[in-house]
Amino acid sequence: MKAHDLSSYNLDEMPYINKGLEGIVAFSTTKSFIDGQKGDLIYSGYNIHTLAENATFEEVCFLLWYDRLPTKKELNELTSHLDKHRHLPEEVMTYIRTANPDAEPMAILRSAVSMLSSYTVEPTSDEMQNILNDAILMTAKIPSIIAAYDRVRNGKEILEPLPGESTAANFLYMLNGEKPGDAAIKTMDLCLILHAEHGMNASTFTTRTIASTMSDIYSAVTGAIGSLKGPLHGGANTAVMNMLLEMGKDGDVDVEAYIKDRLVKKEKVMGFGHRVYKTFDPRAHHLQKMSKKLSVETGHEKLYDWSMTILNTMKSEKNIDPNVDFFSATVYYSIGIQPDLYTAIFAMSRISGWTAHYMEQWANNRLVRPRALYIGEKNLDWTPIENR
Ligand code: SDX
């Protein structure tokens, strides 16, 4: 019998396998709701379009952590906590300064976040408050880590954060060394809002699985970063940009033919498809609008035109719509960010959702422990090593 031949098993007697856990409801949550048929997304009661129009990223963080909007005083308090924590410990700076400049930013981020567990806020007797303090600390420091690594690998000095500025403004400043304008801050802030939370995606599931063992929040976030990094998940935004750059490397390209060729070869077109959405991802509407506007402003119209050809080809050939990662790629490219940083920027936002889920799991925990169907052989006779 071959190890992967299922024909001799009575599958009715086996635990049911749901490949990729599709359709399985493993947790309850107040953090977000997705209607994949209608293309609706809600964060703790608020439609994503309402938040995109009105909120700041910091307000969204508070909303996800507390399930309500902050008062002015609470928002000011959160902002000053974030301000206080944006600086990196010297040991983390040393790690970043001495890291391989060719490393993937997500690998650097994963290790640097793991290091932060040794530099936590002084614990109090309130366990949930301690967890929230750690969540705020990581939310503050992740942009500093990403910007610092990008500067070091480009031979530039690491910059200190600017007090009193938002996460979006600080990130752009620490990355580029110039105070960003209002439009750039708004663009980055909106991107952070749109990426903050999304139900039981793979990295959030990773977070909750690690939380369920009662491991610490740094372990959970480190695991989540590893999960987000993959190209089927958050890594898709970098893959989208690499695909666009590869398409354009020899000048003009027949975009439709390029995409059709990929589909014939059964290659995935990155930034398209979604396990839950069977229609346009509501986040992609905002990102598409930004991508269009920025591409005109920055002379990257060609990239936007190609994106639209890809979108139309995917729709007509496969009836598949873009997800959050498709237009975010050209938005970041238009504002001058290196493609390999895009997934780290996703993490810089999703830290809010991950940590909200960590706290939710902690408050009502049961160990996550599914089953696997064993399809290997059983009770083999032992073969002495010299006879193998
Ligand atoms: C994110 O879960 C979340 O919420 C994630 C996320 C979040 O905010 O956290 O929204 C962020 O991760 C977005 C997804 C980023 N990934 C990509 O863009 C990579 C490309 N897309 C895929 O590989 C795919 O669509 C997934 C991974 C996103 C979803 O995979 P599923 O649900 O397992 O679907 P599947 O691979 O089984 O595909 C079903 C069918 C297949 O065709 P058939 O074999 O049935 O004929 O759709 C086809 C697939 O071939 N298909 C694609 C495709 N996506 C699906 N074909 C070509 N290109 C694609 N992108």
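Put a plus charge on the Cβ of each Lys and Arg, a minus charge on the Cβ of each Asp and Glu, and nothing anywhere else: the dipole of region 151-282 about its Cα centre is then about 520 debye.
Placing pseudo-labels 7 Å out from each Cα toward the beta carbon at MET308 and ALA26 gives an inter-label distance of 4.1 nm.
Which whole-number value in Å² is the accessible area per residue of the chain, probe 1.4 Å? Write down the numbers at each step before the final one.
Numbers: 19240 Å² over 388 residues.
Dividing the accessible area of the chain by its residue count gives 50 Å².
Rank-order 124-134, 107-117 by packing density, defined as the average count of other C-beta atoms within 10 Å over each peptide's residues, highest first.
Descending packing order for the listed peptides: 107-117, 124-134.
Per residue of the chain, what 222 nm ellipticity follows from adding -39500 (n - 2.57) for every DSSP H run with n ≥ 4, rounded to the nearest 500?
Taking each H run of at least 4 residues, the total per residue is -17500 deg cm²/dmol.
Among the GluC sites (Glu not before Pro) in region 222-309, those placed in a DSSP loop whose Cβ has at most 11 other Cβ atoms within 10 Å are GLU267. Its Cα gyration tensor gives region 249-338 an equivalent ellipsoid. The semi-axes, each the square root of 5 times an eigenvalue, are 21, 17, 10 Å from largest down.
Let me know the charge dipole size of the chain about its Cα centre in debye, to the nearest 20, where only the beta-carbon of Lys, Arg (+1) and Asp, Glu (-1) is charged.
On the way: 40 positive and 49 negative charges, 112 e Å.
Computed charge dipole of the chain: roughly 540 debye.
Please report the spacing between the Cα centers of region 171-186 and region 311-378 in Å, no decimals. Using only Cα atoms to place each centre, the spacing works out to 25 Å. Stretching the chain fully between ARG366 and LYS84 yields a gain of 98.1 nm (0.36 nm per residue, less the alpha carbon separation). Which one of ALA236, ILE259, THR213 has its Cα pushed farthest toward the positive end of the charge dipole of region 179-263, where Lys and Arg give +1 and Asp and Glu give -1 at the Cβ? Result: THR213.
Rg of the Cα atoms in region 20-65, relative to 2.2 N^0.38 Å, amounts to 1.31. Rounded to the nearest 0.05, the FRET efficiency derived from the C-beta distance between ASP35 and GLU104 at R0 = 35 Å is 0.55.
List the relative contact order of the chain as a percent without decimals, with contacts defined as Cα pairs under 8 Å and 6+ residues apart. Kindly include the intermediate steps, with their values, before the conclusion.
Numbers: 519 pairs, mean separation 91.1, N = 388.
Value for the chain: 23 percent.
For MET188, neighbours were defined as the other residues whose beta-carbon sits under 12 Å from its Cβ, and their charges (Lys and Arg +1, Asp and Glu -1) total -2.
Too long at a 32 Å Cα-Cα cut-off: which of LYS19/LYS260; LYS179/LYS293; LYS19/LYS289; LYS31/LYS278? Pairs exceeding 32 Å: LYS19/LYS289.
How high is the FRET efficiency between THR120 and LEU380 when r is their beta carbon distance and R₀ equals 41 Å, given to the nearest 0.05? Spell out each step's value before the answer.
Numbers: r = 48 Å, r/R0 = 1.18.
E(calc), rounded to 0.05, equals 0.25.
Count charges around ASN170 for me, please; just the other residues with Cβ under 13 Å from its Cβ, Lys/Arg as +1, Asp/Glu as -1. Display every interim value, and only then the final one.
Working: positive: LYS84, ARG86, LYS141, LYS179; negative: GLU58, ASP83, GLU160, GLU165, GLU178, ASP189.
Surrounding charge for ASN170 is -2.
Note on LYS265: aspartates and glutamates with a C-alpha under 19 Å away, same-chain residues under 8 apart excluded, are GLU246, ASP254, GLU256, GLU317.
Here's the picture: charge each Lys and Arg Cβ at +1 and each Asp and Glu Cβ at -1 in region 34-113, and of LEU109, SER44, THR71 the one pushed furthest to the positive end of that dipole is THR71. Among the trypsin sites (Lys or Arg not before Pro) in region 13-105, those placed in a DSSP loop whose Cβ has at most 16 other Cβ atoms within 10 Å are LYS38, ARG68.
Net charge near GLN361, counting Lys/Arg +1 and Asp/Glu -1 over other residues with Cβ under 15 Å of its Cβ? The partial results should precede the final answer.
Numbers: positive: LYS31, ARG208, ARG366, ARG369; negative: ASP67, GLU127, ASP134, GLU197, ASP216, GLU360.
Neighbourhood net charge equals -2.
Bridgeable lysines around LYS229 (alpha carbons under 20 Å apart, same-chain partners fewer than 8 residues away excluded): LYS141, LYS268.
If you place +1 on the Cβ of every Lys and Arg and -1 on the Cβ of every Asp and Glu, how big does the dipole about the Cα centre of region 214-279 come out, in debye to the nearest 20?
Working: 9 positive and 8 negative charges, 75 e Å.
Rounded to the nearest 20 debye, it is 360 debye.
Per residue, the convex hull spanned by the alpha carbons of the chain comes to 207 Å³.
The values are calculated or read from the model by the stated rules, or taken from the named source; none is laboratory data. Fair warning: this is a prediction, and the values are worked out from it, not measured in the lab. All Cβ positions, even for glycine, are placed from backbone atoms using ideal geometry, and neighbour counts span all protein chains on display. Only protein heavy atoms, including side chains, enter the accessible area calculation; ligands, DNA and RNA are left aside. Shrake-Rupley method; radii C 1.70, N 1.55, O 1.52, S 1.80 Å.
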